[in-house]
Amino acid sequence: MSKNLTSRAEDYSKWYNELVVKADLAENSAVRGCMVIKPYGYAIWEKMQAELDRMFKETGHQNAYFPLFVPKSLFEAEEKNAEGFAKECAVVTHYRLQNDPDNEGKLRVDPEAKLEEELVVRPTSEAIIWNTYKGWIQSYRDLPILINQWANVVRWEMRTRLFLRTAEFLWQEGHTAHATKGEAIQEAELMNNVYAEFAENFMGIPVIKGVKTESERFAGAVETYCIEALMQDGKALQAGTSHFLGQNFAKAFDVKFTNNEGKQDLVWATSWGVSTRLMGALIMTHSDDKGLVLPPNLAPSQVVIVPIYKNDKQFDAISEKAESIIKELKELGISCKFDKRTTHRPGAKFAQHELQGVPLRIAIGPKDLENKTVELARRDTLTKSIVEISSVSSNIKDLLTQIQDELFTKALNYRDTHITKVENFEEFKTVLETKTGFISAHWDGTAETEQKIKELTKATIRCIPMDNKLEDGKCVYSGQDSSQRVLFAKAY
């Protein structure tokens with residue numbers, strides 16, 4: 001299986017595309033630009049969902065659901081938001097099909113079934129949600145509203161790649177309403193921190209927390225906070241965003257409340273989200289030329305047991321021991337799969353589980369039972385060890401923690417050695433083409449310079465880091481005065 005993968009060094013993009021399909025994560029569908037997420041890929045997404053959902057609820061948020069369709073008049077109420085998404089919108093114009101009189105057995109859109117008002121298939125839900133909030137909010141006693149929605153959205157992308165950019169994708173979107181500006185900013189920063197904690201502690205992906213420049217902000221936002229990750233090929237990937245929306249949507253939808261002084265005021269807003277794009281980040285941060293490498297916290301099965309036997313008697317004895325190990329692991333909260341398929345030889349099973357990134361593999365044969373040992377193989381380092389059966393469960397528990405930590409450390413070391421300070425534009429271009437990664441450079445703060453650098457190099461300002469230190473310098477492109485460095489990179 002993995003032998004058929006293109007190597008990362010040969011063609012990183014091709015390696016990624018092949019791995020997503022061959023590891024049984026997803027495939028292209030009959031609908032242009034849309035994907036089918038297969039059970040193994042969806043199992044990983046479900047683990048992401050479960051952890052994020054827990055984190056959201058621990059910070060006081062509740063789940064709700066809002067319509068897929070947004071009337072065009074509502075969508076265009078907040079002008080910057082509408083303008084920002086207009087070119088990506090799928091629009092419903094009719095509500096019925098009919099038999100085509102000119103083509104027997106075919107259907108056509110009924111010309112008499114045109115909608116009075118077009119419906120936008122949601123690219124994001126601020127419009128429909130803030131129109132709803134108008135009926136929910138009258139007094140400061142109704143605030144804050146802390147809502148999250150798990151949903152699908154449609155953004156009509158022309159160039160698509162599985163998980164990274166598809167016309168339809170899955171995500172969560174938080175939408176909160178607050179009585180004060182300070183509360184809303186605090187919420188936006190809190191959720192960006194939640195995303196960072198999730199990425200680092202659960203996915204094993206180091207991220208840089210920052211704010212976007214004005215030209216990179218979410219359409220309709222006053223400030224966009226983000227977490228930026230670095231992939232193995234030196235390109236950045238925006239892993240999550242959280243937006244302080246100010247009072248822009250409250251103004252657009254006339255959402256006012258009576259404050260505790262008895263005066264009318266506009267509500268303050270945030271929105272925040274991560275999507276199945278995180279699957280792409282996961283693959284490109286940890287995986288290798290043999291296939292997926294999954295952090296134990298995300299693996300559908302953290303351990304797989306493969307029996308090696310020649311007859312039913314040996315299989316029965318191995319199965320009895322395997323079930324005992326599974327029971328012990330389950331009591332420790334560790335998920336384990338016993339691969340007792342008779343349609344595959346052990347070598348084929350090893351190859352499949354290696355390709356699919358199962359963190360630990362146990363092989364048990366007749367000699368292992370005699371010696372009261374098992375062979376334990378790590379997916380991340382591809383190393384094997386012989387472990388006594390009596391201590392295998394405690395060994396595995398410690399190993400899974402070690403693997404999770406070491407995957408993060410490895411990714412962190414790569415990221416940190418690929419942040420390069422440059423002082424002039426020649427250095428900028430050289431690093432971008434040879435070393436890649438994040439480039440730390442002074443910027444004069446103008447959209448003109450930002451755009452010119454993008455045109456010349458395809459690099460964008462990924463973020464202004466939250467922990468940035470102010471330092472006087474000269475813009476890497478214009479030579480004008482600058483008060484701080486920002487991070488540039490080519491990005492997905």
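Assorted remarks:
- All helices (runs of 4 or more DSSP H) inside region 302-387 with 2 or more residues being open to solvent by 70 Å² or more (accessible area, probe 1.4 Å): 312-331, 366-371
- Extreme residue, nearest to the chain's Cα centre (by Cα), among residues of region 330-341 that are hydrophobic (A, V, I, L, M, F, W, C) and under 16 Å from I364 (Cα atoms): C336
- Once region 6-33 is narrowed to residues that are open to solvent by less than 20 Å² (accessible area, probe 1.4 Å) and not small (G, A, S), the residue that is farthest from D289 (Cα to Cα) is L25.
Residue-by-condition table, conditions (1) open to solvent by 50 Å² or more (accessible area, probe 1.4 Å); (2) touching a Gly at 6+ places or on another chain (Cβ under 8 Å):
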residue: K454; (1), (2): yes, no
residue: T457; (1), (2): no, no
residue: M466; (1), (2): yes, yes
residue: K474; (1), (2): yes, no
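- Matching residues in region 183-234 - criterion: being in contact with a Ser or Thr (Cβ under 6 Å, 6 or more places away or on another chain), closer than 30 Å to E76 by Cβ and not acidic (D, E): A184, A188, M191, N192, K212, R217, F218, T224, Y225, C226
- Residue count for region 454-479, restricted to those that are more than 14 Å from E216 (Cα to Cα) and touching a Ser or Thr at 6+ places or on another chain (Cβ under 8 Å): 8
- If you check K429, K349, K410 for being farther than 26 Å from M231 by Cβ and within 32 Å of the chain's Cα centre (by Cα), only one passes: K349.
- In region 89-116, residue nearest to R155 (Cα to Cα) [restricted to those that are outside any loop (DSSP other than H, G, I, E, B) and open to solvent by 70 Å² or more (accessible area, probe 1.4 Å)]: V91
- Matching residues in region 88-118 - criterion: being touching a residue at least 24 places away in the same chain (Cβ under 8 Å) and either of a type in the set (K, R) or out of contact with any helix residue (DSSP H, G or I) (no Cβ under 7 Å at 6 or more places or on another chain) (or both): E88, C89, A90, V91, V92, T93
- For the criterion of being farther than 30 Å from S13 by Cβ, assigned to a helix (DSSP H, G or I) and over 21 Å from the mean Cα position of the chain (by Cα), A269 fails.
- Residues in region 235-256 include at least one that is in contact with a Ser or Thr (Cβ under 9 Å, 6 or more places away or on another chain), in a loop (DSSP other than H, G, I, E, B) and not aromatic (F, W, Y).
- Taking first residues from region 287-303 that are at positive phi and partners that are surrounded by fewer than 23 Cβ atoms within 10 Å (Cβ to Cβ) and of a type outside the set (A, V, I, L, M, F, W, C), the Cβ contacts under 6 Å between residues at least 6 apart in sequence or on separate chains come to G291/S2; G291/E354.
- Any pair with Cβ under 7 angstrom, 6 or more apart, that starts in region 127-144 at a residue that is in a helix (DSSP H, G or I) and ends at one that is among the aromatic types (F, W, Y) and open to solvent by 60 Å² or more (accessible area, probe 1.4 Å): D142/W136
- Lone qualifier among F350, F338 - being among the aromatic types (F, W, Y) and within 26 Å of V21 (Cβ to Cβ): F350
The values are calculated or read from the model by the stated rules, or taken from the named source; none is laboratory data. Keep in mind that this is a model prediction, so the values were computed, not measured. Note that each Cβ is placed from the backbone with ideal geometry, even for glycine, and that neighbours are counted across all protein chains shown. We work out accessible area using only protein heavy atoms, side chains counted, and drop any ligands, DNA or RNA first. Shrake-Rupley method; radii C 1.70, N 1.55, O 1.52, S 1.80 Å.
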